[in-house]
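This report refers to the structure that appears directly beneath it.
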Amino acid sequence: MRFRYLALLGLAVCAHGGPPFQTDDPQPIDFRNYEFYVFSTVNGTIYEWDPAGPALEFNWGALPNLHLYVIVPVAAVVPSNNPMLGPTAMGPNVVGLGDMELGIKYRFIQETKQRPMVGTFVMFEMPTGNVDRGLGVGRTWYKLPLWVQKSWGPWTAYGGGGEAVFRQNEPGFHNYAFAGALLQRDLGKKLTLGLESFYHAPEGSTTPSPRSSLMLDLGGYYKFRDPGFQLLFCYGHSVAGQAETYAYLGLYWTWGHHDPNAPKDGPVAMNRMAPPGAMGAGGMGGF
């Protein structure tokens, strides 16, 4: 028996983040705007490495304060083949279509000078990967988080957490909690850097993360053209619990309708794959 690949968009199940980070934020993209990403990621533990790429993401600002998104990844599983870890770490390398991810992000509290922004980003993990080859879970599962964000000057902080939910009769998997917090700063007009801490509880006996882990990640983005074309990057490692490594590298494009009447309350946090500058913090439909 070997681990089944529990990864979406190249991120292991512990990753629920607003790329390039694992922590997400409550800010949707603007109404009638679009985002597109091409990226690669890797998550590694002592049991296996789970690289993915190319992976594609498309976001659509379908309504004010709400956006829809889909991710289609090419996934891989590279087991450690260390006999000391038992048969679950043994097996051939495999590559193929991974499980797709669908999502709905909804902001229900707007940010003001005194009040943070609050929203949720419900995700549906669809069983499109070949479970017999270890490229998927084989069943639909869900992520149910709550995220909070506040910006001041060139600084933005966001964080929150939630629960990954599996069916009760799904062998080798169980519900687990996750949480993250991030602080980022604009360094001029081109570069933004952020530092995050991200935690996940044990994810199940047949996953690459059977124990909990606390990670520290450093990343950011560079604006080739603000906001339409940007480079996103991140790297991190565990500081407590199970040893894990995380990395992300991608390109981001955005386009669509500009609302001249949208309020501009200041800089916004990096959206789920959408860096600051792509939308206004208090704008209609911004994620």
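The values are calculated or read from the model by the stated rules, or taken from the named source; none is laboratory data. Note that the coordinates shown come from a computational prediction; the quantities given were computed from them, not determined experimentally. Here the Cβ is made from the backbone with ideal geometry for all residues, glycine too, and neighbour counts use every protein chain on show.
Considering each residue of region 61-76, count those that are among the small types (Gly, Ala, Ser) and farther than 13 Å from Asp30 by Cβ, and give that number. Give the derivation first.
Within region 61-76, the subset among the small types (Gly, Ala, Ser) is 61-62, 75-76.
Now drop any that are not farther than 13 Å from Asp30 by Cβ, which leaves 75-76.
Within region 61-76, residues that are among the small types (Gly, Ala, Ser) and farther than 13 Å from Asp30 by Cβ number 2.
Considering (1) at pLDDT 95 or above; (2) assigned to a strand (DSSP E or B), the lone condition that Tyr142 does not fulfil carries the number (1). Screening Glu163 with (1) crowded, with 17+ Cβ neighbours inside 10 Å; (2) of a type in the set (D, E, K, R); (3) within 24 Å of Ala201 (Cα to Cα) gives one miss only, at (1).
Yes or no: region 149-158 includes at least one residue that is among the β-branched types (Val, Ile, Thr) and within 17 Å of Asp50 (Cβ to Cβ). It would help to see each step written out before you state the result.
Applying the first criterion (among the β-branched types (Val, Ile, Thr)) to region 149-158 yields 156.
Filter again for within 17 Å of Asp50 (Cβ to Cβ), leaving none.
So far as region 149-158 goes, no, none of its residues is among the β-branched types (Val, Ile, Thr) and within 17 Å of Asp50 (Cβ to Cβ).
Cβ-Cβ contacts under 7 Å between residues 6 or more apart (or on different chains), taken from a first residue in region 204-228 that is farther than 20 Å from Ala181 by Cα to a second residue that is of a type in the set (A, V, I, L, M) and at pLDDT 90 or above, are listed as Tyr222/Leu191; Tyr222/Leu231; Phe224/Leu231. With respect to being closer than 18 Å to Ala164 by Cβ and touching a Cys at 6+ places or on another chain (Cβ under 9 Å), Glu203 fits the description. If you go through region 133-150 and pick out every residue that is farther than 24 Å from Val70 by Cβ and either free of Cβ contacts under 8 Å to residues at least 40 places away in the same chain or touching an Asp or Glu at 6+ places or on another chain (Cβ under 7 Å) (or both), you end up with 1. Within region 103-125, residues that are farther than 13 Å from Pro28 by Cβ have Cβ atoms under 8 Å from residues that are of a type in the set (Ser, Thr, Tyr) in these pairs: Met123/Tyr142; Phe124/Thr140; Phe124/Tyr142; Glu125/Thr140; Glu125/Tyr142, counting only partners at least 6 apart in sequence or on another chain.
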